[in-house]
Amino acid sequence: MQIEHILLWVAILIFVSVVSSKLSDKFGIPILLLFLTIGVLAGSEGIGGIYFDDAKLSKSIGVVALIFIIFSGGFDTNWKDAQSVILPGAILSTAGVLMTAVITGFFAVYILKFSVLEGLLLGSIVSSTDAPAVFSILRSKRISLKQPLKPLLEFESGSNDPMAIFLTVGFISILTVKDMGIAALIPRFMLDMSVGAVIGYLMARFIVIFINRLKLGYEGLYPVIMISFVMLTYVIAVFLKGNGILAVYFAGLMLGKAEFPNKKMIMRFHEGLAWLAQIVMFVTLGLLVFPSHIVPLIGTGFLLTLLLMMVARPVSVFLCLVPFNMNMRKKVMIAWVGLRGSVPIILATFPFMAGIQQADTIFNIVFFVVIASVFIQGTSIPILSKILKLDVPLANKTNYPIEFEKTASFDAEMIDVIVPFDSEVVGKRIGDLNIPEKCLIMLICRKGKFVIPSGDMVIDSGDVLLVLANTADFSAFQQMLARLKREGS
């Protein structure tokens, strides 16, 4: 095939994938499902007729894509929200994944007549969750989840992939290496996770120091050099026998709470890169699937999916959250939103490379489990969140025509705040307000339109004020807005 034809197909598949995201926004169809469907339709048994049967290439593409998806997820995590859920999130992403893998594995032994190790391998592959799929569905319905569900699910999904990868690689090793037992996984686990976390932390510290001192002449090069740092983080961790995915996630998490030049631009770039990686990965994995091979496994796959959703995931969640003060409604919601996502399908290509006897069955079962999980759980999440009274309106995010990037050398932030309808400032001129000295109203959003403030402008209820201030003065400004008219002068 000539390069022009390859580029044509790549352009068409990316274009169709991006445009199809509007279906997710409008109808609440999980975007993962759309991307996979596009890949299947473009494949040899679909309308595209593209024959693709290279599991090794699919695995390589999947791993590279996963590196940038996981990094972006960590980078975009709100550290203030994540701090309160680190302990339960860490338990869910380690012990919870292990319990899910073991329970699902024994179901697989019984249903598919696998050996115990083959069953545990299958359980490990489908043990991780994909919270971004959950929040894309909720976002399409203009709802979110009450605290601490959102940060907990985000943290769990971002940090549980390394455990699933470790278990998958570990059980493949036991199946392929003579005289290797399960006990050998314990020291390997300690080395894998500790090295990954340390490398991620150290690389994040190095990246911040380096970028702060680099002072590149072209802003567009900052995202480029960050790509090299992300890949270096993964490779260094792997070379030192650590978990590269954990290192990348941890580096992203640390960078998300750090301050350095052009952070917002780098963050936006990597968000776009992560989307591109998801499209390429899902379409590639979709191409790899032969639907005719899945049809004979629909019955067993559906039963395994139900057991995973109704037994394995809930049991692991309830046991992991016993030490924490969380009501049953929230536990039920956490258990139900454990959607399978991209990682299980990528991990399902690993047995091919290792020559596992049941590799083809494992891949097709995993693909079906992911599709069924996303379809069944994904479409029911908005309804369940309302039944459990755990839904909250999705906050509207205003895109302002001006931007501000906080740096370590400047003690101020730009924050938006809504003027309450009964605030004492309503009806008063800006020039007459006792605004703190280091607090400046930069812009006013009124009825969807932006207005440049002046001293003579009168404040209305519902105005959104874009304020530049340090922490202390912004707090004082908020207190002024919160004072009611009956308490005012």
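The values are calculated or read from the model by the stated rules, or taken from the named source; none is laboratory data. In this text the structure is predicted, and so the values were computed from the model without any measurement. Here Cβ is always computed from backbone atoms with ideal geometry, including for glycine, and neighbour counts include all displayed protein chains. What goes into the accessible areas is simple: the full protein's heavy atoms, side chains included, and nothing from ligands, DNA or RNA. Shrake-Rupley method; radii C 1.70, N 1.55, O 1.52, S 1.80 Å.
Observations on the model:
- Among residues of segment 466-486 being outside any helix (DSSP H, G or I) and more than 14 Å from L440 (Cα to Cα), the one that is most open to solvent (accessible area, probe 1.4 Å) is R483.
- Reported count of residues in segment 141-171, each being open to solvent by 30 Å² or more (accessible area, probe 1.4 Å) and not in a helix (DSSP H, G or I), is 5.
- Hits in segment 227-249 - residues which are of a type in the set (A, V, I, L, M, F, W, C) and not in a helix (DSSP H, G or I): L240
- Residue in segment 32-41 that is open to solvent by less than 50 Å² (accessible area, probe 1.4 Å), touching a helix residue (DSSP H, G or I) at 6+ places or on another chain (Cβ under 6 Å), over 28 Å from M231 (Cα atoms) and not in a helix (DSSP H, G or I) present: no
- Listed here are the helices (runs of 4 or more DSSP H) enclosed by segment 250-320 that have at least 1 residues being under 22 Å from the mean Cα position of the chain (by Cα), more than 20 Å from S128 (Cβ to Cβ) and among the small types (G, A, S): 263-288.
- Verdict on V370 being farther than 30 Å from I174 by Cβ, of a type in the set (A, V, I, L, M, F, W, C) and either touching a helix residue (DSSP H, G or I) at 6+ places or on another chain (Cβ under 6 Å) or surrounded by 16 or more Cβ atoms within 10 Å (Cβ to Cβ) (or both): no
- Of A95, A11, all but one fail to be among the hydrophobic types (A, V, I, L, M, F, W, C), part of a helix (DSSP H, G or I) and under 30 Å from L167 (Cα atoms); the exception is A95.
- The set of residues from segment 321-350 being in a helix (DSSP H, G or I), open to solvent by 10 Å² or more (accessible area, probe 1.4 Å) and either charged (D, E, K, R) or under 15 Å from L152 (Cβ atoms) (or both) comprises R329, K330, K331, V332, W336.
- Failed item, numbered, when L255 is tested on (1) in contact with a helix residue (DSSP H, G or I) (Cβ under 8 Å, 6 or more places away or on another chain); (2) open to solvent by 20 Å² or more (accessible area, probe 1.4 Å): (2)
- Qualifying residue in segment 311-318 (condition: among the polar types (S, T, N, Q), at pLDDT 90 or above and open to solvent by less than 10 Å² (accessible area, probe 1.4 Å)): yes
- Filtered by the rule that a residue be open to solvent by 10 Å² or more (accessible area, probe 1.4 Å) and in contact (Cβ under 8 Å) with a residue 12 or more places away in the chain, segment 289-302 gives F290, P291, S292, H293, I294, L297, I298, T300, F302.
- Looking only at residues of segment 437-465 that are crowded, with 18+ Cβ neighbours inside 10 Å and assigned to a loop (DSSP other than H, G, I, E, B), we find that the one that is modelled with the highest pLDDT is I459.
- Note on segment 1-23: residues that are under 14 Å from Q278 (Cβ atoms), without any contact (Cβ under 8 Å) to a residue 24 or more places away in the chain and either surrounded by fewer than 11 Cβ atoms within 10 Å (Cβ to Cβ) or touching a Phe, Trp or Tyr at 6+ places or on another chain (Cβ under 8 Å) (or both) total 1.
- Checking I415 against (1) at pLDDT 85 or above; (2) open to solvent by 40 Å² or more (accessible area, probe 1.4 Å), the condition it does not meet: (1)
- Residues of segment 189-218 that are at pLDDT below 90, aromatic (F, W, Y) and open to solvent by 90 Å² or more (accessible area, probe 1.4 Å): Y218 alone.
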